[in-house]
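A.B. asks: Submitted below is the structure of interest, expressed as structure tokens.
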Amino acid sequence: MFNRIEKTYFRHRGGLRPSVLALFYCQLAYFGGATLILSLNPVLMAMGTLAMAHGMVIASYMIHECGHNALFKSPRHNALVGSALNWFSGGCYGTYEDLRSVHMRHHVDRADVIGFDYRGYLARHPIQLRIVETLEWLYVPAVEFLMHGALVLAPFLFTEKKDQRSRMIRIVIVRSSLLLALFLYSPIAFVCYLLAYAILVTILRFMDALQHNYDIVMESGSGPDSIKRRGDRDYEQTHTFSNLISTRYPWLNLITLNFGYHNAHHSRPTAPWHELPKLHEALYGNKTDIVIPFRKQLASFHRCRVARVLGDSGETQGNRFAQRLWDGSAVGASGVSFLTPL
């Protein structure tokens, strides 16, 4: 029976068990974590905060799987699961269709295409820039919160999204009501949820920050030809880097659902998450120049956390970015999460 279900509905052979386990785990971690938080026992609340955060992380990367239609054969089934998981990740303010469309532009155009230039906005508002830089110095993911806020306001600021206004109002009412109910139940439990969400955002931005030195390009139109495709496959691979958590203990990369095998993912975007380690091995073997040591990732993330707010456009040129990655001094990018399709 399971073989028949897998063959009928799942895109890849052998995909049923790992995919169902991942979906089950993210729900168990999310709701189990919520139960621990609501217990109001300090130790259990701490455990619940971490569990909920990781449940949201896995849910986010399963959305990514759905966006590539790597989970099910039917795009409709991928869309249904992806849209549902978007509520777990807190990215439900943007539509799944927008999320998928923007992320596909990242792959097809080999650039980070944006509709809201937060860098330009902050450059024009020095006081707000100073506040954001101070929060980032304190390790508060202020840029990501700014992008999520812009996502909420987008239907009221951009005419091309005005048809989403009523949807956004309904979502804000539902989310605000749930958060208010949680606050009234326990302000500490409310803080635990906010902390879990901040952990989610920090993990996602840590993984995103150093995976590419693509150009960040402002979207100038809604048509498929509004942005010219950059480079070729060689360009894509030389501007992509794999940020594994561990090469010695590969199972640790499951913390982010193997998202760190990023060169393999860009080589074959529809390859499922559970096949990426084998694909990486088959494509690159012992090649190490594309794999950033974890300690270097931490060093870059720490040292350049303030500079990353506005970024360094010079890193898109030549091999400067690659050299900095190995020095632990790469600036990288902020505000490019697939959960904020702007």
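The values are calculated or read from the model by the stated rules, or taken from the named source; none is laboratory data. Predicted, not measured: the structure shown is a model, and the values here were computed from it. Backbone-built Cβ (ideal geometry, glycine too); neighbour counts: all protein chains shown. When the accessible area is computed, the model is the full protein with side chains, heavy atoms only, and any ligands, DNA or RNA have been set aside. Shrake-Rupley method; radii C 1.70, N 1.55, O 1.52, S 1.80 Å.
A.B. asks: Inside segment 65-93, can you point out the residues that are touching a His at 6+ places or on another chain (Cβ under 9 Å) and either within 21 Å of Ala51 (Cβ to Cβ) or small (Gly, Ala, Ser) (or both)?
C.D. replies: Across segment 65-93, the qualifying residues are Gly67, Ala70, Gly82, Gly90, Gly91.
Yes/no per residue for (1) under 16 Å from Val191 (Cβ atoms); (2) among the aromatic types (Phe, Trp, Tyr); (3) surrounded by fewer than 18 Cβ atoms within 10 Å (Cβ to Cβ):
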{"position": "Ile37", "(1), (2), (3)": "yes, no, no"}
{"position": "Leu40", "(1), (2), (3)": "yes, no, yes"}
{"position": "Met45", "(1), (2), (3)": "yes, no, no"}
{"position": "Val57", "(1), (2), (3)": "no, no, no"}
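A.B. asks: For segment 45-53, indicate whether the set of residues that are farther than 24 Å from Met207 by Cα and part of a helix (DSSP H, G or I) is non-empty. Before the answer, list the steps.
C.D. replies: Kept after step one, since they are farther than 24 Å from Met207 by Cα, are these residues of segment 45-53: 45.
If we keep only those that are part of a helix (DSSP H, G or I) as well, we get 45.
Within segment 45-53 (the criterion being farther than 24 Å from Met207 by Cα and part of a helix (DSSP H, G or I)), the answer is yes, since at least one residue qualifies.
A.B. asks: Filter segment 77-120 down to the residues that are over 29 Å from Glu236 (Cβ atoms) and not aliphatic (A, V, I, L, M) and list them by number.
C.D. replies: Applying the first criterion (over 29 Å from Glu236 (Cβ atoms)) to segment 77-120 yields 80, 84, 87-88, 90, 92-93.
Within segment 77-120, Trp87, Phe88, Gly90, Cys92, Tyr93 qualify.
A.B. asks: Might you let me know whether segment 17-28 holds any residue that is in contact with a strand residue (DSSP E or B) (Cβ under 7 Å, 6 or more places away or on another chain) and either farther than 23 Å from Met207 by Cα or of a type outside the set (Ser, Thr, Tyr) (or both)?
C.D. replies: No - not one qualifying residue is present in segment 17-28.
A.B. asks: Between residues in segment 2-14 that are within 11 Å of Phe72 (Cβ to Cβ) and open to solvent by 100 Å² or more (accessible area, probe 1.4 Å) and residues that are assigned to a helix (DSSP H, G or I) and modelled with pLDDT under 90, which pairs lie under 7 Å by C-beta distance while being six or more apart or on different chains?
C.D. replies: none
A.B. asks: Identify the residue in segment 74-122 that is among the acidic types (Asp, Glu) and either modelled with pLDDT of 95 or more or outside any helix (DSSP H, G or I) (or both) and, among all such residues, is most open to solvent (accessible area, probe 1.4 Å).
C.D. replies: Step one: filter segment 74-122 for residues among the acidic types (Asp, Glu), giving 97-98, 109, 112, 117.
Adding the requirement that they be either modelled with pLDDT of 95 or more or outside any helix (DSSP H, G or I) (or both) leaves 109, 112, 117.
Values: Asp109: 6, Asp112: 22, Asp117: 58 Å².
Per the stated criteria, the residue is Asp117.
A.B. asks: On to the next question. Out of the residues in segment 295-329 that are over 30 Å from Gly94 (Cα atoms) and part of a loop (DSSP other than H, G, I, E, B), which is most open to solvent (accessible area, probe 1.4 Å)?
C.D. replies: Gln317
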